[in-house]
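Remarks on the structure that follows.
The values are calculated or read from the model by the stated rules, or taken from the named source; none is laboratory data. These numbers were taken from a predicted model, which means no experiment stands behind them. All Cβ positions, even for glycine, are placed from backbone atoms using ideal geometry, and neighbour counts span all protein chains on display. Quick note on the areas: whole protein, heavy atoms, side chains included, nothing else; ligands and nucleic acids left out. Shrake-Rupley method; radii C 1.70, N 1.55, O 1.52, S 1.80 Å.
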Amino acid sequence: MTKSLQPDLLALVRDPIDQASLIEHVRAAEDGAVVTFDGSVRNHSHGRRTLYLDYEAYEAMALGKMREIAMQIHEKFPIHMVAIAHRLGRLEIRETSVFIAISSTHRPAAFDACRFAIDTLKQTVPIWKKEYFEDGAVWADGEIPPAPLETRAAKPAS
């Protein structure tokens, strides 16, 4: 696929993500598909009610890793353009934490590239999530504080 004169858009932001502008950024006349991923803050984690999240990052390294992901996507998939934005700071329930838009001539490449983008981002980009519950907080993938007795019988999150 022809490389656009417009570069991929990769950003860490503290304000709400403007999904429409990311979609418009990647869309071109030759594209038959724009696939997006909208990762949002859910109201539960590990069977407990989540109040809000707080994201922190090693920003220079995070942006470098996001550039690497975009380069890998262009090497692995016949796509046109990539846009990835990740929020930092406090996010409330239902807010978008990460948004990815990928354009391509055909939908299979855009779907596959979008899945690769979010999976690789979660595994390699130094962005950390702290989850706040009614009875405490924990960094994601850290030690979960014991649930109150009334929530211990709750079904764990998948």
task: Please find, within the range 75-106, the residue that is farthest from the chain's Cα centre (by Cα) out of those that are polar (S, T, N, Q) and open to solvent by less than 50 Å² (accessible area, probe 1.4 Å).
output: S104
- request: Go through the range 60-74 and give me each residue that's under 22 Å from T96 (Cα atoms) and either open to solvent by less than 80 Å² (accessible area, probe 1.4 Å) or touching a His at 6+ places or on another chain (Cβ under 7 Å) (or both).
  value: A60, A62, L63, G64, K65, M66, I69, A70
- prompt: Here are some residues: D38, D31. Which one is among the acidic types (D, E), outside any helix (DSSP H, G or I), open to solvent by less than 80 Å² (accessible area, probe 1.4 Å) and under 20 Å from R14 (Cβ atoms)?
  reply: D38
message: So for the range 5-20 (the condition being closer than 16 Å to A110 by Cβ, open to solvent by 40 Å² or more (accessible area, probe 1.4 Å) and more than 13 Å from the chain's Cα centre (by Cα)), does at least one residue qualify?
response: yes
- prompt: Could you count how many residues in the range 41-59 are of a type in the set (F, W, Y) and open to solvent by 60 Å² or more (accessible area, probe 1.4 Å)?
  reply: 1
task: For the range 107-122, enumerate the residues that are under 22 Å from Y52 (Cα atoms) and either open to solvent by 70 Å² or more (accessible area, probe 1.4 Å) or touching a Ser or Thr at 6+ places or on another chain (Cβ under 9 Å) (or both).
output: K122
task: Any residue in the range 72-88 that's within 18 Å of A33 (Cα to Cα) and of a type in the set (S, T, Y): show its pairings with residues that are modelled with pLDDT under 95 and not in a helix (DSSP H, G or I) at Cβ separation under 6 Å, as long as the two are six or more apart or on different chains.
output: none
task: Filter the range 59-85 down to the residues that are assigned to a helix (DSSP H, G or I) and of a type in the set (G, A, S), then identify the one that is nearest to R107 (Cα to Cα).
output: A70
task: Out of the residues in the range 86-142 that are polar (S, T, N, Q) and in a strand (DSSP E or B), state the one that is farthest from E56 (Cα to Cα).
output: S104
